[in-house]
Structures are given as C-alpha cells and as structure tokens.
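Reading through the structure tokens given below for one structure.
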Amino acid sequence: MERKQKALILKDLTKKIVFLVGPRQVGKTWLAKNIAADVSNAVYLSYDHLEDRKIIKNEGWRESTQLLILDEIHKMTGWKNYLKGLYDTKPEYLQVIVTGSAGLDILRQVGDSLAGRFFLHHLLPFSPAELQDTDFASDIERFIARGGFPEPFLASDPVDADRWRIQYVDSLLRFDAFEINQIDNVRNLQLVLELLRSRVGSPVSYTSIAQDVGISPNTVKKYIRILEALYVVFRVTPFAKNIARSLAKEPKLYFFDTGLVNGDNGAQLENLVAICLLKHVYAKIDYAGQNYGLHYLKTKEGLEVDFALTKNGKIEQILEVKNRDSVPSKALLYFQKTYSLSAKQLVRELRQESVYKNIEIIRVDGFLRSLFL
C-alpha cells in the first residue's frame, strides 16, 4: 500500500535533504526503498551494518549515485557535521534521504549545523485520513484494536497483530531503550509503561506512578522521556494562554499504537483521535508551513475538554470525544460560550449529526477522514 507522503517527499528531494522520522516499523525504510525503486542509481546504507558503516564514513558510494538513503545515521559520532559536509559538497543531481527512529529528533537536536539544509517529514501510523480512498477508512474498530502500524493493521489474522505487538514492545524496551540511555532496571521501565497503558487520557501524576513502582518521581520522568524518544508515547500539554482559571500543568500521555491502550472504549477512542490529531498537526507543520499545536483544556474547577487544536498560539477549535453522547459536555459548552471557540463533539455511535448551542455534534469517523493526512 503506497503511503500518501511519497509524492511530497519526491517534491522535497529536489530541494534539500529529506529527514524521514517516526516510530520503528511504521514504514520508513519501506517507503524510502519504494522511492528508490524508481531511481536507476539508488543506494541504501544502514549505519547498523558494519560494511555499510565503512562506506558511510568514507563516502564510498559510486559517483553515479542519484539517490542516497542513510538509515540510523544519528548513531554516528558527529553525524550532524557529517551531513552538513555531505550536503555542501554533493553534486547537484544527488538526492539524500535520512531515516531514523529513536534519537533522531531533529526539531530539538539539529540547532544551526543543518539549518536550511533539510525538510522534515514525520511518518506516523495509518489514519482514516490517509486511507480515505480505501475500504479501511471507516473501520474505526480496526484502527482501535490493531493500531495503525502497517504490519498489524494489514495482517489477515488478528492473532498475528497481537503477536507483533508483544515482540515490538519487548524489543523497544530491552534493546532500543538501553541504547538510548543505559537502563539499569528494565523491569521498572516495563512497569511504568504498563501503568501508562491504563491511564490514557488522564493528566500524568509522576508522584503516583513513582509510588506504585517504588522509584523516584524524577526516575519516572526519565523513563517517560525515554518512551517519548522511542515513539511509544507522546504528550499533550494543557493550553493556558488567554484561558482564565487554567490550572492543570501535567501533560496527558497517549500511545502511537492505539492497540497498546489498556482501558475502556472511551480511552481507546480518545487515543485514536489523539494520534490522528498529532498526525494532522505534523502534516500542517511539515507540508503547509503552519504553526499548529495540540493541547487540552482544564480549569481549576475540573472542567476539561479533551483537545484544543491551535494555530499560531491561538485556539482554532476544541474537540470532545464521546462514545454515544449526543448532548455536548458541560465543559465544551462552557469553553465555547465563554471564549466563542469553534467546538465539536466527536461521537462514535451517532444516529444523526446536529448543531446544539453553536456546537457541532458529528460522527468521529467522518471527522478523522477530513483531517489533513
């Protein structure tokens, strides 16, 4: 199944280095090689392979190479200066794709060394918007049960999807986490992950998790940062600008793989909406050059709205996710009326869409299909 971002990557390759980042097994290498299949002189090199590593360090690919794919290059000491030199001296016809998972967080790491030399592309799991031209687009249950990673999502047998997930998480925690930050107690990291699986959609209490696991709050924060670096979880922070009485400071955490959520139908649906909104935000930034963000709202009285999409630091719309409720939540009504915000309630099981006191009550599958990517 061809990824929608292929055409966008091809366009950017004619201009700058393309950084393709995202979770492991989300399809980055497959997409890069799929692009390479249409190029007569393409070379794929992984820094994880000893022979490839020698070629990378010596820039030993053939001079006729038209497309160079460098995988896991962030593991190389001085990789940013290496890519800077490569970009500044390469022949005009040479196009470069750099792929990577954990550790290749360009937004925080690059600084000035590669400024103006790359375009960033986030490749995330399948979403209803990306698959809107397929039979899968409206199958919300499949997205929730299997997540959007290609292998489990497309597996003919759902048991194979479950087997994939067990092996995927075990590999991340035992090998990738150690590689990023030498963990002295993988078991505690696993316990933190298990607790997070059952607390999706709730503000994170580092103290509570620390007490449950028997470690310090700072260690909990460290483990969560590792899980973020591994693209296992992502945070949604509270929005406070121009919103009076905002109290919540703790982020909410969601999973890149909705299949990992260990909660009720509401938590699973909220996680699916969260990852689709994150993908929408990244697409707006990567391809439209627009300053989008994803947050949530909460007052000191406990009124909370699941999501707030922002543009240039201002709320564009607020969103509440429900399984069945066709009447807007109290919090959604409050924030819409008080701040005149565009508001939608996204409902999984809804007989008829409607508008109630300036709030749109719409089906969640239709909304997800309408997102940017």
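The values are calculated or read from the model by the stated rules, or taken from the named source; none is laboratory data. The structure presented is a predicted model; accordingly, all values stated were derived computationally and were not measured. Backbone-built Cβ (ideal geometry, glycine too); neighbour counts: all protein chains shown.
Values for this structure:
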{"quantity": "Qualifying helices (runs of 4 or more DSSP H) (wholly inside region 1-80; at least 3 residues being among the polar types (S, T, N, Q) and either in the same structural domain as PHE149 (by TED's automatic domain parsing) or buried (at least 20 other Cβ atoms within 10 Å of the Cβ) (or both))", "calculated": "none"}
{"quantity": "Selection count where residues are exposed (fewer than 14 other Cβ atoms within 10 Å of the Cβ) and in contact (Cβ under 8 Å) with a residue 60 or more places away in the chain, scope region 195-212", "calculated": "1"}
{"quantity": "Failed condition for LEU107, given (1) modelled with pLDDT under 95; (2) of a type outside the set (Gly, Ala, Ser); (3) in a loop (DSSP other than H, G, I, E, B)", "calculated": "(3)"}
{"quantity": "Residue that is more than 15 Å from GLU304 (Cβ to Cβ) and free of Cβ contacts under 8 Å to residues at least 60 places away in the same chain, where the choices are ASN262, ASN218", "calculated": "ASN218"}
{"quantity": "Residue in region 328-337 that is at pLDDT 95 or above, within 30 Å of PHE136 (Cα to Cα), in contact with a Phe, Trp or Tyr (Cβ under 6 Å, 6 or more places away or on another chain) and surrounded by 20 or more Cβ atoms within 10 Å (Cβ to Cβ) present", "calculated": "yes"}
{"quantity": "Any chance VAL200 is in contact with a Gly (Cβ under 7 Å, 6 or more places away or on another chain), over 28 Å from GLU72 (Cβ atoms) and not aromatic (Phe, Trp, Tyr)", "calculated": "yes"}
{"quantity": "Test result for LEU154, out of contact with any Lys or Arg (no Cβ under 6 Å at 6 or more places or on another chain), more than 30 Å from ILE318 (Cα to Cα) and touching a residue at least 24 places away in the same chain (Cβ under 8 Å)", "calculated": "yes"}
{"quantity": "Members of region 321-366 that are farther than 24 Å from ILE275 by Cβ, in a strand (DSSP E or B) and without any contact (Cβ under 8 Å) to a residue 24 or more places away in the chain", "calculated": "VAL355"}
{"quantity": "Residue in region 294-313 that is under 18 Å from VAL236 (Cα atoms), in a helix (DSSP H, G or I), of a type outside the set (Lys, Arg) and touching a helix residue (DSSP H, G or I) at 6+ places or on another chain (Cβ under 6 Å) present", "calculated": "no"}
